[in-house]
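Just so you know, all these numbers are worked out from the coordinates, no wet-lab data involved. Nothing here was measured: the structure is a model prediction, and the numbers come from that model. Cβ placement follows ideal geometry from the backbone for every residue including glycine, while neighbour counts extend to all protein chains displayed.
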Amino acid sequence: MRVKRANIILFFGYLFLYFPLICIVVYSFNESRFVSTWTRFSWKWYKVLLSNPIILRAAFTSIKVACFSATISVVLATMVAVIFARFRRFRGKALFVGAIAALLVMPEVVMGLSLLTLFAGMSKIFNWSTESGTTTITIAHITLTLSYVTMLIQARLQDLDKSIEEAALDLGASPLKVFFVITLPMISPAIVLGWLLAFALSLDDVVIASFVAGPGATTLPMIVFSSLRFGISPEINALATILMTVLSIGVIISAVLIYKRSELGRNK
């Protein structure tokens, strides 16, 4: 009885989460322009989407920024997480930890405004051009995602058995070799998940990007947000369907690879 009740609650919970997404997918194949009226099945809006150069250019910009910012964020977050987890005491650690954790609760409006002020000051002091398009957005998204990825990798490092690293050090391996040969493979699932999380946060951001985007760069969420002023278009539904499909495939592939790696580790 309890299992049946739990399954019912779980079903309605998933329905609450995914029913709006299912509606987007269904109405992306609607021939009518009006979202509330279903006429017949059609690929019309996918063809319109793929022939729209503005959306395609914005999608390429968003993917490029998300890939660069996620990669750099993972590298920096891994170094920060190692410092937090392996170096117990050093001067200024509390301030360092607080500065990283503060970004988790910082409103995006405040972060976007502060970064805009920073870039404007840098352009005056160092004569650095902030109109380089995607550069300022990439830096801003690294700042946005760094704290999330750091906490994720740090949690994985704290759960590791340190005796394996200590045994390698006792056998004569250098700390750098221990990190690349032992520690890094063991935390690779957290690194992959951190990269996916940073990629999703960067791809989803519209507030910070609106503050720091140069005139030569417009991200996909900015295009979608601006188009909502004229009503929801089935073209946007088609775009959302493609994004959900691509991201779902990426998450499934990553989950399968992580599962196989964990099973391989257990068998050894």
Ranked output for segments 108-115, 138-145 by mean other Cβ atoms within 10 Å, highest leading, reads 138-145, 108-115
Per the C-alpha gyration tensor (a ≥ b ≥ c, the square roots of its eigenvalues), segment 40-85 is rounded if a/c is under 1.5, else prolate if a/b beats b/c, else oblate; here it's prolate
extent check for segment 135-192: Cα max minus min per principal axis, descending, whole Å, gives 46, 22, 14
Note on segment 1-42: C-alpha Rg/Rh, Kirkwood Rh, two decimals, gives 1.27
Note on the chain: contact order normalised by length, alpha-carbon pairs under 8 Å, 6 or more apart, percent, works out to 32
The simple spin-label model distance between Ile54 and Ala240, using points 7 Å out along Cα→Cβ, in nm, is 1.9
Rounded to 0.05, the calculated FRET efficiency for the beta carbons of Trp43 and Asn7 at R₀ = 41 Å is 0.65
Rounded to one decimal in nm, the spacing of the 7 Å Cα→Cβ label points at Phe225 and Asp204 is 1.4
One finds the C-alpha centres of segment 71-138 and segment 1-50 to be spaced, in Å, by 38
Quick calc: nm separation of the 7 Å Cα→Cβ label points for Ile249 and Phe87 -> 4.3
Projecting the Cα atoms of Leu21, Thr39, Pro53 onto the charge dipole of segment 2-64, where Lys and Arg contribute +1 and Asp and Glu -1 at Cβ, the residue farthest towards the positive end is Leu21
Computed, not fitted: 222 nm per-residue ellipticity of the chain from DSSP H runs ≥ 4 (each -39500 (n - 2.57)), nearest 500, equal to -25000 deg cm²/dmol
For Phe96, Phe180, ascending order of other Cβ atoms within 10 Å (fewest first) is Phe180, Phe96
Result row for the chain, helices from DSSP H with C-alpha axial extent 27 Å or more and mean Kyte hydropathy at least 1.0, is 2-27, 53-86
Cross-link reach from Lys260 to lysines, straight Cα distance under 16 Å and at least 8 residues apart if same chain, gives Lys268
The answer for the per residue Cα convex hull volume of segment 53-267, in Å³, is 152
